[in-house]
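Here is the structure we will look at, set down as structure tokens.
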């Protein structure tokens, strides 16, 4: 895997979608991880809520996500505090 770029977006009390991300054209996968707190996310095109979706919490190893799934992501914070979502983009080939 080859590293392409990294970004940090904020998960707030309003669901965010892939349009909040800057996905490089050559990316084939990403690693996602939260700073503090937790968020919920879906990668099926549905909208995540604070009660619906997979949980991603801090102190966990980064989660590997395929680009096709990331392009369908929806995420929202859990709780009352905004959460930073770190995304590192990788490519299967050196570009």
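Looking at the chain, I'd like the Rg to Rh ratio, where Rg is from alpha-carbon atoms and Rh is Kirkwood's inverse mean 1/r.
Rg divided by Rh gives 0.96.
Helix-only estimate, please: 222 nm mean residue ellipticity of the chain, summing -39500 (n - 2.57) across DSSP H runs of length 4 or more and dividing by its residues, to the nearest 500.
Using -39500 (n - 2.57) per qualifying helix, the result is -500 deg cm²/dmol.
Only Cα pairs under 8 Å and at least 6 apart count here; give the relative contact order of the chain as a rounded whole percent.
49
Could you calculate the contour length gain from residue 1 to residue 51, that is, 0.36 nm times the residue separation minus the distance between their Cα atoms, to one decimal place in nm?
14.6 nm
Read-outs throughout are calculated quantities, based only on the coordinates presented, and are distinct from any laboratory measurement. Bear in mind the structure is a predicted one, so any value in this text is a computation, not a measurement.
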